[in-house]
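What follows is one structure encoded as structure tokens, with my remarks underneath.
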Amino acid sequence: DTAVSQTPKYLVTQMGNDKSIKCEQNLGHDTMYWYKQDSKKFLKIMFSYNNKELIINETVPNRFSPKSPDKAHLNLHINSLELGDSAVYFCASSPNHSYEQYFGPGTRLTVT
Amino acid sequence: QKEVEQNSGPLSVPEGAIASLNCTYSDRGSQSFFWYRQYSGKSPELIMFIYSNGDKEDGRFTAQLNKASQYVSLLIRDSQPSDSATYLCAVNQAGTALIFGKGTTLSVSS
């Protein structure tokens with residue numbers, strides 16, 4: 001039983017394309033997150049949703065748009081992909097903001 | 001700017017030794033403290049969390065928190081080669097996202 005799952009695992013695309021990454025958690029958690037881990041392995045928060053409501057929106061280009069159809073799903077859509085968007089994107093969930101977070105397997109995005 | 005600082009390492013210890021990983025944080029209002037382990041190419045895995053000053057033990061792992069010094073550490077006793085990974089320290093306040101350090105790479109030699 002996968003607690004936090006992401007699709008796809010790998011994504012290779014060209015500059016200018018639009019792509020989406022999907023995330024689902026079956027832990028019954030209220031809060032979900034998107035993180036970006038760059039080539040230097042630094043993990044940084046992008047967005048956080050609590051019960052489908054956007055809670056945290058860090059300084060992220062507006063080409064990135066999260067969508068939460070229900071509290072078990074948080075998708076990330078990226079428009080007009082750029083070379084600098086290449087990274088590993090992790091989805092995570094937690095019972096609420098104050099508790100430990102559990103990460104999905106990650107999506108390695110490569111923009112060429 | 002809220003920051004979490006860790007030595008990048010690598011920290012090298014022989015098998016069976018104690019590995020000591022350290023982390024300092026800038027936000028005095030931080031309330032929750034976490035240690036994650038990340039193997040190369042894998043996702044971060046939660047191994048310890050601590051909310052109160054003092055020590056918390058779980059198997060071979062001990063987390064130590066000193067809020068006055070804004071310092072949190074992770075001790076790994078009887079280190080094994082399988083402990084070789086990057087260890088990420090993370091902190092947050094209630095209602096805010098985790099702030100991660102850049103991680104310390106641990107290498108345990110057999």
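Bear in mind that the values in this text are calculations on the coordinates, not laboratory data. Since this is a predicted model, take the numbers as computed values, not measurements. Methodologically, a virtual Cβ is constructed for each residue, glycine included, from the backbone with ideal geometry; neighbour enumeration extends over all protein chains shown.
Simple spin-label estimate for A:ASN62 and A:ASN26 gives 3.8 nm between the two label positions (7 Å along the Cα-to-Cβ direction from each Cα).
Seen from every direction in turn and averaged, the convex hull around the alpha carbons of chain B projects onto 6.6 nm². Summarising the amide proton neighbourhood of A:SER86: residues at separation of 5 or more, or on other chains, whose placed amide H is nearer than 5 Å comprise A:VAL111.
Partners of B:LYS67 within straight-line reach, counting aspartates and glutamates whose Cα lies under 19 Å from its Cα and excluding those fewer than 8 residues away in the same chain: A:GLU100, B:GLU3, B:GLU5, B:ASP27, B:ASP55, B:GLU57.
The alpha carbon convex hull volume per residue for the protein assembly as shown rounds to 123 Å³. Scaling the Cα radius of gyration of the stretch A:23-112 by the globular reference 2.2 N^0.38 Å produces a ratio of 1.03.
Positive end of the dipole of chain A (Cβ unit charges, origin at the Cα centre): among A:SER94, A:ILE21, A:ILE55, the Cα lying farthest that way belongs to A:ILE21.
Amide H contacts for B:GLY103 (H built 1.01 Å from N in the peptide plane; partners 5 or more residues away or on another chain; cut-off under 5 Å): B:GLN6, B:CYS89. Cross-linked pairs A:LYS41/A:LYS71; A:LYS22/A:LYS44; A:LYS9/A:LYS44: Cα-Cα separations exceed 21 Å for A:LYS41/A:LYS71.
One Cα centroid belongs to the stretch A:2-41, the other to the stretch B:60-82; the line between them spans 30 Å.
Within the listed set B:LEU46, B:LEU21, B:LEU88, the Gaussian network model of chain B (springs between alpha-carbon atoms below 10 Å) gives the highest mean-square fluctuation for B:LEU46.
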